[in-house]
Structures are given as structure tokens and as C-alpha cells.
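Taking it in order: structure first as C-alpha cells, then the write-up.
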Amino acid sequence: MEPNHEDAIRLLRELAVEFAAQGPLPEDMWRVLHVCWEILDRDLADGEIVASEIRKQLANVRCVPDAAGSLAVPRRILVEDMPGLAEAFGDALGVRCVTRPQASWRALQAAGVRGLREAARPEIHPKDAEPDDALAAHFAARRREVARAVDATLEGDDVRRAMAWYDAIETRSSQQLTVQWTLHGGDETLTTAVMPTGALYSKQQRALYVRVENGIVAWSAVGARNRGADQRKHRPEPCRRVAQGDLGCRHTREGRDGA
């Protein structure tokens, strides 16, 4: 009989008991652990187990490897989900941040593992970047193409949620745009330096901030800076890719290009 989620949970618990206090996991046990998470991911996708049950069973079990190979509870582990963000925090993250596993990510999320971008909070400057009607019009003009791409990629309620997110985006722009990230975890707070950015989506403000210089939108930055969040079902990759359009498109707005 093929092993299922019950077998995977049992084995993960056994691995935690035997190896959690011993440092890096032995190589042969490393593979066993990853297969367990892949089984959980498969059964979660097939509806054989729900996310809340995975969290109930494993949230407080040292069953997720950190960057050094030692086992930790899921909430201690962060996954690189935005290019450059882990480097911005530097050595302060220690071994907590790992590469995103392709075959088991949903199961790990269900247990309590978070994406670094998801866990960190951006402080965007200027906070009062002005609403940009030209950008909003660009997104609206490409809605039909976005809807087709989303419909071909997602199913059911995920399509409705993705398009609801797309329709609710507020666009703001500034000639100068910077961000500082803060990560709260237990008794410690980590903060990056203030960094220039071409574009960033603020979940708190539900707004897309974009740098516009000399009438040119930093569309490539829109893709690069928001790619990690595209993994969430509310904000799929097709939305970004189609809305982005021509990377070098000219931005035209009253008072900026004289249109």
C-alpha cells in the first residue's frame, strides 16, 4: 500500500524525537523527511487532509530542516520568496531562511512555515506617493488578457479571488521610491537598511507602488519585486505577467508628459 499522510506525520514525529537534539540530520534521514513532506503536499492537494489538520499535528514538532540541516518547529523557518530580501537582512537571519522547496511548499505552509516576504513588513517611502491614473488605466486596459491567463491557470474560486485582487489594486507612483523591511520574531526585531526599489506591492495598503522616472515605468521591477508574492493563490503569476505588458512602455500622465 502506498504511504499516505498518516504515515508521513508518524514518521516526522519519530524523526523529531530521534534527531531534533542531535544537530544536522543524517543524509539518509534527510531524504526520508523530504519524502514525508512531499506525501503531505500530495494528499493536501488531493483533499485527503486539510491544512488545519497538518498544523494541528505538526506546528509544535521539530520537523522542518533549517539551512544547517537541523530540525526546527515550522514557525521558526522562513522561505526565500523574494529575490534579494534575505541578503538585505544579512547574517541576522542565521540559519532560519531556506530555499523554497517546490514539491512540498503547500504542506510546509500549512504546518506554519512562512515566506520571508510574507513575514516581513515593508515601510515604503514616500508613504504619500500619489495615486497614478495612467497606471490604473493600463491595468484596466489589460484586464481581459489577465482574466484569460488566470482562467487558464487557476480553477473555481481561485479565479474569482485572483481577479478580485487585480480589480482592487490601487496604483501609486513616485520618482523616488525606497523601502525598509522589518521582521518581528519573538523577542527580536530585524530591520534592513533603507533601499531604493523600482516597485513594491503593499499588502497592508493594498497598493502597488511604482517608480516612474522621465515618464518611464519600471515594469521589470514590478515583476522582480513582486514575484515572490505571486505564489499566493490570491495573486497569481499571470496577473503580473500580462498586466506588465511591454517592459519599456511610456508612461503618460497629465503634468508629467503633457498629455
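Filtering segment 166-190 down to residues that are of a type in the set (A, V, I, L, M) and not in a helix (DSSP H, G or I), which residue is farthest from GLU87 (Cα to Cα)? This residue is ILE169. Residue-level check: of (1) β-branched (Val, Ile, Thr); (2) out of contact with any Pro (no Cβ under 8 Å at 6 or more places or on another chain); (3) closer than 30 Å to PRO126 by Cβ, THR178 misses just (2). Among the residues of segment 110-163, the ones that are exposed (fewer than 15 other Cβ atoms within 10 Å of the Cβ), in contact with a helix residue (DSSP H, G or I) (Cβ under 7 Å, 6 or more places away or on another chain) and part of a loop (DSSP other than H, G, I, E, B) come to 0 in all.
Candidates PRO74, PRO83: the one that is at pLDDT 95 or above, in the same structural domain as ALA107 (by TED's automatic domain parsing) and closer than 21 Å to GLU118 by Cα is PRO74. Here VAL159 passes the criteria (1) outside the structural domain of LEU208 (by TED's automatic domain parsing); (2) at pLDDT 90 or above except the one numbered (1). Report whether or not VAL64 is under 22 Å from ALA21 (Cβ atoms), out of contact with any Leu (no Cβ under 8 Å at 6 or more places or on another chain) and touching a residue at least 24 places away in the same chain (Cβ under 8 Å). No, not satisfied. It is to be established whether one or more residues within segment 119-139 are of a type in the set (Gly, Ala, Ser), without any contact (Cβ under 8 Å) to a residue 12 or more places away in the chain and under 17 Å from GLU170 (Cα atoms). Scanning segment 119-139 turns up at least one residue that is of a type in the set (Gly, Ala, Ser), without any contact (Cβ under 8 Å) to a residue 12 or more places away in the chain and under 17 Å from GLU170 (Cα atoms).
To keep it simple, each residue is scored yes or no on (1) buried (at least 20 other Cβ atoms within 10 Å of the Cβ); (2) assigned to a loop (DSSP other than H, G, I, E, B); (3) on the phi < 0 side of the Ramachandran plot; (4) under 19 Å from the mean Cα position of the chain (by Cα).
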| position | (1), (2), (3), (4) |
| --- | --- |
| ARG10 | no, no, yes, no |
| ARG13 | no, no, yes, no |
| GLN22 | no, yes, yes, no |
| TRP30 | no, no, yes, no |
| LEU33 | yes, no, yes, no |
| GLU48 | no, yes, yes, no |
| MET82 | yes, yes, yes, yes |
| ALA92 | no, no, yes, no |
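The values are calculated or read from the model by the stated rules, or taken from the named source; none is laboratory data. Fair warning: this is a prediction, and the values are worked out from it, not measured in the lab. For neighbour counting, all protein chains shown are included, and Cβ atoms are generated from backbone atoms with ideal geometry for every residue, glycine included.
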